[in-house]
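Notes for the one structure printed next.
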Amino acid sequence: MIKVEHLYKSFGDLQVLRDINLDFEAGKCNMIIGASGSGKTVLLKNLIGLLEPDSGEIWYGGKKLSDMGYEEKSRLRQKIGVLFQGAALFDFETVLGNVIFPMNFFTDWTEKEKVERARFCLDRVNVSGADNRYPSELSGGMQKRVGIARAIALNPDFLFCDEPNSGLDPYTASLIDNLIHGITEEFNITTVINTHDMNSILEIGDSIEFICNGTVLWKGDRHSIMHTSCRELRTFVGANVLARHMIDESE
Amino acid sequence: MIRRFLEAAGSWCLFLRMVFRRPEKWKIFWKQFVIETDKLILSSIIIVGVISVFIGGVLVIQTASNMSNPMLDRMLVGYMVRETLVLEFCSTVVALILAGKMGSNIASEIGSMRISGQIDAMDMMGVNSAGFLVLPKVMSATLLSPLLMLFSFALGIFGGWCVVEMTEIIPAAKYIAGLKYAYNGFYVFYSGFKMALFCFLISSISAYNGYYAEGGSLGVGASSTRSIVVTSILILLFDLIVTQLMLY
Ligand SMILES: Nc1ncnc2c1ncn2[C@@H]1O[C@H](COP(=O)(O)OP(=O)(O)OP(=O)(O)O)[C@@H](O)[C@H]1O
Ligand SMILES: [Mg+2]
């Protein structure tokens with residue numbers, strides 16, 4: 001479980017996040033949605049400790065992130081899987097090497113066990129036969145999928161995905177959505193997903209927070225999003241043709 | 001200006017503290033150490049060798065033509081060449097060349113990992129990214145660079161000998177005798193020590209600049225330029241300090 005209280009973040013004069021309060025539950029796909037530039041990535045980076053908030057607290061279980069020392073943070077991070085917006089694969093490692101990388105550090109598995117686990121993760125994201133290729137030789141969507149495989153390699157308790165399916169074809173996108181949703185429920189992971197993809201919102205949005213201009217304007221789930229009265233959210237949702245039809249019908 | 005320098009020096013020290021944290025696994029460290037040795041030390045052998053041979057040869061000609069006085073023993077040419085090589089060329093000048101080669105390699109490699117988010121990704125796994133990426137580079141550069149200095153010394157003398165043989169500017173026997181004349185082993189140690197210190201500065205400062213690069217590919221370029229300028233100046237400064245301390 002993750003809790004955020006009164007989080008503020010600015011870069012110089014630019015106030016990006018304002019008084020953010022959030023609760024993320026385990027076993028659910030918690031979605032942060034919002035237009036491009038609304039501060040989703042910045043929020044995510046604050047959550048995982050890559051950026052320091054100006055003020056406000058982030059709680060993991062019962063512990064404040066800001067109270068943790070180096071060792072404790074490092075232990076927590078071993079339980080966190082992150083997919084970055086640009087995948088951020090290590091370009092000195094092959095596809096297989098990327099997925100094995102965290103295992104090298106934090107497990108005592110044999111080489112064979114590591115390769116088996118890595119192949120298993122890669123299979124789940126539908127990447128096979130690319131084991132020995134380097135990230136620069138992959139398409140953007142493939143890099144993303146390898147990034148997910150790497151994020152779930154060590155069975156994380158917390159999974160953060162920054163736009164997991166941007167740049168993927170609709171079929172693969174929904175495959176990835178369902179994969180994330182599946183492992184979230186199966187292993188009771190606290191999953192946080194940044195997205196502006198209406199498809200995934202409607203497919204797996206167990207809990208949705210809509211961010212606009214750096215504040216949370218609306219909270220709900222995939223059912224209530226269609227009946228919202230929040231004007232900004234209606235504009236956001238209504239930009240999608242299918243969703244627009246659904247709204248019209250329900251009215 | 002002075003404040004900015006002190007601030008940078010301070011954060012460089014903090015960076016080094018991160019780098020010298022105990023590695024998560026020694027096995028991974030040694031594997032990286034071998035890779036970095038290949039990239040930083042072995043790949044420098046050719047350039048260092050070529051330069052040393054040529055400088056050795058030039059030194060012989062220059063020294064010989066400056067000692068035309070018949071009162072001076074021609075043997076002194078060999079002696080002077082040896083001293084120049086070991087005292088200054090093989091450590092300081094070679095280090096200045098390495099500041100360009102090694103420094104830009106380290107800064108741009110780590111810098112582009114920073115801006116593409118790979119360092120963030122490593123940190124998020126709970127891996128000490130500074131330790132994993134930088135420690136093997138610094139250790140390899142510091143511990144093994146004295147070998148480069150010895151190699152450069154040997155090839156410099158060889159270059160001089162080639163010129164002596166080819167031009168007979170002085171008798172070869174005199175050159176060899178000069179090389180052996182008043183040999184002081186401490187100078188070799190002094191030079192090796194300087195080399196290790198310089199390569200420590202090169203690797204750690206370039207890594208520091210790369211690690212904190214920001215602003216896209218332009219930032220990477222700037223960090224690599226800054227590393228070379230800063231390390232070159234520091235090499236000259238420390239050359240002065242170390243020489244004063246060790247030789248005077
Ligand atoms: N390091 C930074 N320095 C200064 N401003 C930044 C920095 N990172 C982000 N910003 C600003 O913060 C705002 C929010 O950016 P963010 O990347 O969080 O958007 P986003 O919601 O993730 O958008 P997208 O959907 O396009 O990824 C933007 O206006 C951006 O210019
Ligand atoms: Mg983003």
Charge-dipole axis of chain B as Lys and Arg at +1 and Asp and Glu at -1 on Cβ define it, positive-most pick from B:Gly210, B:Val60, B:Leu155:
B:Gly210
Between A:Ser250 and A:Tyr8, what FRET efficiency follows from the Cβ-Cβ distance if R0 is 51 Å, with the result rounded to 0.05?
0.90
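Just how large is the dipole of the stretch B:30-96 about the Cα centre, in debye to the nearest 20, putting +1 at every Lys and Arg Cβ and -1 at every Asp and Glu Cβ?
Numbers: 4 positive and 5 negative charges, 21 e Å.
Rounded to the nearest 20 debye, it is 100 debye.
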Positive-pole candidate from A:Met31, A:Val16, A:Ala153, dipole of the stretch A:2-250, charges at beta carbon
A:Val16
Positive-end residue of B:Ile51, B:Ile35, A:Pro170, charge dipole of the protein assembly as shown with Cβ unit charges:
B:Ile51
Sort out for me the Cα centre separation of the stretch B:105-123 from the stretch B:171-248, rounded to whole Å.
25
222 nm [θ] for the protein assembly as shown, helices only, -39500 (n - 2.57) per DSSP H run of 4+, per residue, to 500?
-19500 deg cm²/dmol
Any idea how far the Cα center of the stretch A:31-48 sits from the one of the stretch A:182-243, in Å?
13
Would you mind checking which residues have amide H under 5 Å from A:Cys212's amide H? H placed 1.01 Å from N; only 5 or more apart, or other chain.
A:Leu217
How much of the DSSP bridge set in the stretch A:2-250 is antiparallel, in percent, rounded to the nearest 5?
50
Residue exposure sequence - B:Met122, B:Met102 - by fewest surrounding Cβ within 10 Å:
B:Met122, B:Met102
Whole-Hz ³J(HN,Hα) from phi, Karplus 6.51 cos²θ - 1.76 cosθ + 1.60, for the stretch B:66-76, glycine and proline x:
8, 10, 7, 4, x, 5, 8, 5, 4, 4, 4
What are the residues whose amide H is under 5 Å from the amide H of A:Leu159, where those residues sit 5 or more places off or on another chain and H is modelled from the backbone?
A:Gly81, A:Thr190, A:Thr191, A:Val192
If one computes the Cα centroid of the stretch A:68-136 and of the stretch B:6-69, what distance in Å separates the two points?
33
Tell me, what ³J(HN,Hα) does each residue in the stretch A:11-23 have, in order and in whole Hz, if you take phi through Karplus 6.51 cos²θ - 1.76 cosθ + 1.60 with θ = phi - 60° and put x for Gly and Pro?
10, x, 7, 7, 7, 8, 10, 10, 6, 8, 10, 9, 10
Relative contact order of chain B (C-alpha contacts under 8 Å, at least 6 apart) in percent is 34
Using the number of other C-beta atoms within 10 angstrom as an exposure proxy, rank A:Asp169, A:Asp13, A:Asp162 with the fewest first.
A:Asp13, A:Asp169, A:Asp162
So, with +1 on the Cβ of K and R and -1 on the Cβ of D and E, and no other charges, what is the size of the charge dipole of chain A about its Cα centre, to the nearest 20 debye?
240
Write down the Kirkwood hydrodynamic radius of chain B, to one decimal in angstroms, obtained as one divided by the mean of 1/r over all alpha carbon pairs.
19.5
Integer Hz, Karplus 6.51/-1.76/1.60 couplings in order for the stretch B:223-233, x for Gly and Pro
5, 6, 5, 4, 4, 5, 4, 5, 5, 4, 5
Determine the dipole magnitude for the protein assembly as shown: charges of +1 sit on the beta-carbon of Lys and Arg, -1 on that of Asp and Glu, nothing else is charged, the reference point is the Cα centre, and the result goes in debye to the nearest 20.
1520
Take every Cα pair under 8 Å in chain A that's 6+ residues apart, average their separations, divide by the length, and report that relative contact order as a whole percent.
27
Test item: A:69-80 mean partner chain Cβ contacts at 10 Å:
2
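If we count other beta carbons within 10 Å of each Cβ, what is the order of A:Cys212, B:Cys90, A:Cys161, A:Cys121, fewest first? Walk me through the intermediate numbers first.
Details: A:Cys212 19, B:Cys90 31, A:Cys161 27, A:Cys121 22.
By the 10 Å Cβ count, ascending: A:Cys212, A:Cys121, A:Cys161, B:Cys90.
Computed from the coordinates by the stated procedures, all read-outs in this text should not be read as laboratory data. All of these numbers come straight from a predicted model, not from anything done at the bench. Reconstructed Cβ throughout: ideal geometry from the backbone, glycine too, with neighbour counts over all protein chains shown.
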